[in-house]
Amino acid sequence: MRLKVWGDYACFTRPEMKTERVSYDVMTPSAARGILEAIHWKPAICWKIDKIHVLNPIKFDNIRRNERGGKIPAAKAKSALRGKDVALFQDQSQGAVQRASLLLRDVCYGIEAHFELTDKAGPDDTVEKHYNVALRRMRKGQCFYRPYFGCREFPVRFELVEGEMPESCYTGEKDLGFMLYDIDFADDMKAIFYRAVMVDGIIDVQRCLAFGGVS
């Protein structure tokens, strides 16, 4: 399936940055998978990203944002469940932290992907069924929740590409270095990285995994 996605801003945060947010140059496969899961996902299927097309020039923008320094303690939530009178909110005037962010601006990508059935698929879960559901939702612009580019304040607009993918503005080969591929939630949220290489504006994710491996 081919999907064109675009938006005003994006932030695919590098995990090695501890305080300030610094985005990768392009969208990560895990972010692309998250967009597809926002459109159609069931425990019976698992999305696999084949290629990422970088359609717009890579442009960065530096902004400052007010972020929360913490979250509501779990002990308060448990106390509320037991019927105690506790404040389950955060005061905007307290705990706000201003942080710089290096974001991507005016982004547009093409996603080529497929899905595979998982061991949770039942007798009624067929490839044709889920393919048609995903196709219908992409054509109509439907989603279970609004997909986003890395952070929820950067919403994604999307449309199904039923013909050829639009051409990228890039030519030649560019090594983007090691990038986050995905998070293994079954293995204590282990981060998995891969060597991303962009050729004529296209990152062939499966080829990079085959030749560059993961770490």
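A few notes on this one:
- Contact order relative to length of the chain, as percent, for alpha carbon pairs under 8 angstrom and 6 or more apart: 32
- Relative contact order of the range 87-215, taken over Cα pairs closer than 8 Å and 6 or more residues apart, is 14 percent.
- Added length on full extension, which subtracts the Cα-Cα distance from 0.36 nm per residue, ARG146 to ARG14: 45.3 nm
- Nearest-10 value in Å² for the accessible area of HIS40, using the 1.4 Å probe: 10
- For the chain, with +1 on Lys and Arg beta carbons and -1 on Asp and Glu, the positive-most of MET198, THR28, ALA77 along the dipole: ALA77
- Label point of CYS169 set 7 angstrom out along Cα-Cβ; within the range 1-25, amide nitrogens under 14 Å from it belong to 7-9.
- Using only side-chain charges placed at the Cβ, +1 for Lys and Arg and -1 for Asp and Glu, the dipole size of the range 80-215 relative to its Cα centre rounds to 640 debye.
- Average accessible surface for the range 46-113: 62 Å² per residue, computed with a 1.4 Å probe over protein heavy atoms with every protein chain in place.
- Heavy-atom surface analysis with a 1.4 Å probe gives the range 103-215 a carbon and sulfur content of 50 percent of its accessible area.
- Positive-end extreme of charge dipole, the chain - chosen from GLN98, HIS40, TYR109 (charges on Cβ): GLN98
- For the range 57-147, averaging the sequence separation of C-alpha pairs within contact (under 8 Å, six or more residues apart) and dividing by the residue count gives a relative contact order of 33 percent.
- Each peptide in 197-204, 30-37, 78-85 gets a packing score, the mean of other Cβ atoms within 10 Å over its residues, and the list from highest to lowest is 30-37, 197-204, 78-85.
- Cα gyration tensor, the chain - rounded (a/c under 1.5), prolate or oblate: oblate
The values are calculated or read from the model by the stated rules, or taken from the named source; none is laboratory data. All values derive from a computational prediction rather than experimental measurement. All Cβ positions, even for glycine, are placed from backbone atoms using ideal geometry, and neighbour counts span all protein chains on display. These area figures cover heavy atoms from the full protein model, side chains too; ligands, DNA and RNA do not enter into them. Shrake-Rupley method; radii C 1.70, N 1.55, O 1.52, S 1.80 Å.
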